[in-house]
Amino acid sequence: MEAGLLALPVHLDRLEGRSAIASGQLERGLEALGEAREGFARVGAAWERARTDLDLADALSASGRVEEARAKVDAAAPDLERAGALIELDRLRSLRDRLD
């Protein structure tokens, strides 16, 4: 239970980031997603960190920051592939296609 409580604020950071980006506040959204990414890494939630990397890549790509987006996709790939998470793997492939 304790690990779940440690991750709760991190999930909220990710939701805040997604919301900010959806409402046009790109930099605030990227900041919140970056905080979430670091938080997930800190608590050892590799899959959640990788999912957050995809959120970051999506936002960075949409804002024309292609190289940064590619770096996030590359960072997410090993953990998503290891988990075999089909939805996230489809999203990963889609992002890679868009960035090439």
Practice prompt. Just grab the label-to-label distance for ASP90 and SER63, each label 7 Å out from Cα along the Cβ direction, in nm (one decimal).
Written response: 2.8
Worksheet item: Around ARG98, what is the net charge, scoring Lys/Arg as +1 and Asp/Glu as -1 over all other residues with Cβ under 12 Å from its Cβ?
Response: +1
Worksheet entry | Paired Rg and Dmax values of the chain, which use every Cα atom, in angstrom | 13.0, 42
Fill in: Helix-only [θ]222 nm of the chain, DSSP H runs n ≥ 4, -39500 (n - 2.57) each, per residue, nearest 500
-29500 deg cm²/dmol
Worksheet item: Which is farthest toward the positive dipole end of the chain among VAL66, SER94, GLY24, measuring Cα position about the Cα centre, with Cβ charges +1 (Lys, Arg) and -1 (Asp, Glu)?
Response: SER94
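Every number in this text was worked out from the coordinates using simple rules, so none of it is lab data. Treat the numbers as computed from the prediction; the structure is a model and nothing was measured. Cβ atoms come from the backbone with ideal geometry, glycine included; neighbour counts cover every protein chain shown.
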